[in-house]
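Inspection log for the structure reproduced underneath, given as structure tokens.
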Amino acid sequence: MSDDHIIATRGAGVLELRFNRPEKKNAITNAMYGALADAIETADGDGEVRAILFTAAGDFFTAGNDIVDFAAIATGAANDAPRHVGRFLEACIRAEKPLVAAVQGHAVGVGVTMLLQCDLVYVAETARLTTPFIDLGLVPENASSLTMPARMGHARAFAMLGLGEPLLGRDAVAAGLANAALPAHEVEHRARAAAFALAKKPAQSLRLTKRLMRDPATLLQRMREEGALFAERLQSDEARAAFAAFLQRR
């Protein structure tokens, strides 16, 4: 699957996947999820790709899932095309190649939870990272109900997931979410350099080390538990009201 809003480029052993919908704050559509999932799944079996780098155009890393898509599902207006978000989330969890993220701007929802599946994260000091699932009448996804408390501790994770408090990029390192916080214009360069450095490492040793450090089976189980509740919540009165209010404000 291809989508003009995801630009895939390859060089020096690195596959770069770039969010390219800046006019919509890089909100992710179903087609974009499909393109991302296809690229990651293919790269994992491609010996020429040693690392995967996520980048983005514009001021936002990504505003998360396109709320128009959510609203269509909640109101029954969505078509019957296969949904690809689950494939993308699973691909990130299953990926044996290192995942690196260059978070040059604000990140919302899945734009934050996907960072918890990445191996290296570089973030702009001025970025705001938010997870407003409850405000939308939903629940956390991408195994973030497990990974976020493990990284940040329960209290800080619940402040983000329960209260919807933002985490500023300059605080992301201390919170355990990022490797470095930098001026926005330096983020992509630093992340790309890290991806290139990983691509030069012995590939099998790197793959085995990542496997030892993660438990994909546990993450996939939690992701599916969350996903079942998430699907139920999309049909709830709370979610429909939240989506309608969001679209009206926009």
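Answer with yes or no whether VAL139 is closer than 29 Å to ALA241 by Cβ and in contact with a Leu (Cβ under 6 Å, 6 or more places away or on another chain). Before you say what the answer is, go through the steps one by one.
Details: closer than 29 Å to ALA241 by Cβ: yes; in contact with a Leu (Cβ under 6 Å, 6 or more places away or on another chain): yes.
So VAL139 passes the test.
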Within the bounds of segment 86-108, is there any residue that is closer than 21 Å to ARG224 by Cα, of a type in the set (A, V, I, L, M), at pLDDT below 95 and part of a helix (DSSP H, G or I)? no
Please specify each residue of segment 9-34 satisfying the condition of being touching a His at 6+ places or on another chain (Cβ under 8 Å) and among the hydroxyl-bearing types (Ser, Thr, Tyr). THR29, TYR33
In the list GLY164, GLY137, GLY153, which residue meets the criterion of being closer than 25 Å to ASP59 by Cβ and more than 16 Å from the chain's Cα centre (by Cα)? GLY164
Counting only residues that are surrounded by fewer than 14 Cβ atoms within 10 Å (Cβ to Cβ) and of a type in the set (A, V, I, L, M, F, W, C), which one in segment 206-230 is farthest from PRO132 (Cα to Cα)? LEU208
Could you check, for segment 165-188, whether at least one of its residues is free of Cβ contacts under 8 Å to residues at least 40 places away in the same chain, surrounded by 13 or more Cβ atoms within 10 Å (Cβ to Cβ) and more than 22 Å from VAL110 (Cβ to Cβ)? yes
For segment 115-128, which positions are crowded, with 19+ Cβ neighbours inside 10 Å and touching a Pro at 6+ places or on another chain (Cβ under 6 Å)? ASP119
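Please go through segment 9-42 and give me each residue that is assigned to a strand (DSSP E or B) and crowded, with 17+ Cβ neighbours inside 10 Å, ordered by number. Don't jump to the end; show me each part of the working.
First, the residues of segment 9-42 that are assigned to a strand (DSSP E or B): 9-11, 14-19, 28.
Within segment 9-42, VAL14, LEU15, GLU16, LEU17, ARG18, PHE19, ILE28 qualify.
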Would you check if LEU120 is among the aliphatic types (A, V, I, L, M) and closer than 28 Å to PHE246 by Cα? no
Does ALA72 meet the test of being surrounded by 18 or more Cβ atoms within 10 Å (Cβ to Cβ), within 24 Å of GLY227 (Cα to Cα), without any contact (Cβ under 8 Å) to a residue 60 or more places away in the chain and not β-branched (Val, Ile, Thr)? no
I need the full set of residues from segment 51-69 which are in contact with a strand residue (DSSP E or B) (Cβ under 8 Å, 6 or more places away or on another chain), at pLDDT below 95 and surrounded by fewer than 22 Cβ atoms within 10 Å (Cβ to Cβ), in order please. ASP66
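Being outside any helix (DSSP H, G or I) and surrounded by fewer than 17 Cβ atoms within 10 Å (Cβ to Cβ) is the requirement here; does GLU48 meet it?
Against the criterion (outside any helix (DSSP H, G or I) and surrounded by fewer than 17 Cβ atoms within 10 Å (Cβ to Cβ)), GLU48 qualifies.
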Could you check ALA242 against (1) surrounded by 15 or more Cβ atoms within 10 Å (Cβ to Cβ); (2) out of contact with any Gly (no Cβ under 8 Å at 6 or more places or on another chain); (3) of a type in the set (A, V, I, L, M) and say which number it fails? (2)
Looking for something without any contact (Cβ under 8 Å) to a residue 60 or more places away in the chain, closer than 28 Å to GLN221 by Cα and buried (at least 23 other Cβ atoms within 10 Å of the Cβ) - is there at least one such residue anywhere in segment 135-151? yes
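Quick one: is ARG222 in a helix (DSSP H, G or I), farther than 22 Å from VAL49 by Cα, of a type outside the set (Asp, Glu) and in contact (Cβ under 8 Å) with a residue 12 or more places away in the chain?
Working: in a helix (DSSP H, G or I): yes; farther than 22 Å from VAL49 by Cα: yes; of a type outside the set (Asp, Glu): yes; in contact (Cβ under 8 Å) with a residue 12 or more places away in the chain: yes.
So ARG222 passes the test.
The values are calculated or read from the model by the stated rules, or taken from the named source; none is laboratory data. Nothing here was measured: the structure is a model prediction, and the numbers come from that model. No Cβ is skipped: glycine too gets one built from the backbone with ideal geometry, and neighbour counts run over all protein chains shown.
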